[in-house]
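**Q** Okay, here's the structure, questions in a sec.
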Amino acid sequence: MQEIMQFVSRHPILCIAWIGLLAAVLFTTFKGLTSKVKVITRGEATRLINKEEAVVVDLRQRDDFRKGHIAGAINLLPAEIKANNLGELEKHKDKPIIVVDGTGMQAQEPANTLVKAGFANVTVLKDGISGWSGENLPLVRGK
């Protein structure tokens with residue numbers, strides 16, 4: 001115990017950084033465990049699309065969406081979701097929703113917004129479209 005106290009007294013900035021990092025990891029882990037929005041793999045997404053008629057919501061810009069998207073995907077920008085401008089997605093509240101972005105990093109907040117808007121089964125695709133195309137899964141061009 002005395003050695004730990006000596007280390008802390010000699011390296012206070014390092015110890016504060018370590019405590020901050022630990023707090024951030026705990027916060028992120030707890031937030032992920034308690035979130036109503038779960039992150040799913042490409043295999044789970046394929047199953048949801050084929051077996052449960054899941055609706056894919058693509059958050060990327062229109063140009064990126066036209067270059068390649070999952071078949072049947074609806075293109076909504078995060079700003080449109082935040083403004084509750086959901087368009088044709090409104091009629092799919094009873095179906096599973098898979099939120100997709102370019103890398104899987106920015107989809108969590110729009111997915112949480114959809115849950116607050118009354119969508120019961122909302123998930124996020126792990127690694128987004130980059131992971132989907134990285135496994136050579138089909139993309140549709142145009143629209």
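The values are calculated or read from the model by the stated rules, or taken from the named source; none is laboratory data. All figures in this text were calculated on a predicted structure; none of them were measured in a lab. All Cβ positions, glycine included, derive from the backbone under ideal geometry; neighbour counts span all protein chains shown.
**Q** Take the residues in region 45-62 that are of a type in the set (D, E, K, R) and under 19 Å from Pro110 (Cβ atoms); name whichever of them is surrounded by the most Cβ atoms within 10 Å (Cβ to Cβ).
**A** Asp58
**Q** I would also like to ask the following. Going through region 62-97 one residue at a time, which ones are of a type in the set (S, T, N, Q) and either in contact (Cβ under 8 Å) with a residue 60 or more places away in the chain or in contact with a strand residue (DSSP E or B) (Cβ under 9 Å, 6 or more places away or on another chain) (or both)?
**A** Hit for region 62-97 is Asn75, nothing else.
**Q** Here's something else I'd like to know. Those residues that are surrounded by fewer than 22 Cβ atoms within 10 Å (Cβ to Cβ) and either among the small types (Gly, Ala, Ser) or under 15 Å from Gly72 (Cα atoms) (or both), I need them from region 97-127; list them, please.
**A** Passing the criteria: Gly102, Gly104, Ala117, Gly118, Ala120.
**Q** Would you mention how many residues in region 63-91 are surrounded by fewer than 11 Cβ atoms within 10 Å (Cβ to Cβ) and under 17 Å from Leu125 (Cβ atoms)?
**A** 1
**Q** What about Arg141, is it over 27 Å from Lys31 (Cβ atoms), surrounded by fewer than 18 Cβ atoms within 10 Å (Cβ to Cβ), outside the structural domain of Thr28 (by TED's automatic domain parsing) and touching a helix residue (DSSP H, G or I) at 6+ places or on another chain (Cβ under 8 Å)?
**A** For Arg141, the condition - over 27 Å from Lys31 (Cβ atoms), surrounded by fewer than 18 Cβ atoms within 10 Å (Cβ to Cβ), outside the structural domain of Thr28 (by TED's automatic domain parsing) and touching a helix residue (DSSP H, G or I) at 6+ places or on another chain (Cβ under 8 Å) - is met.
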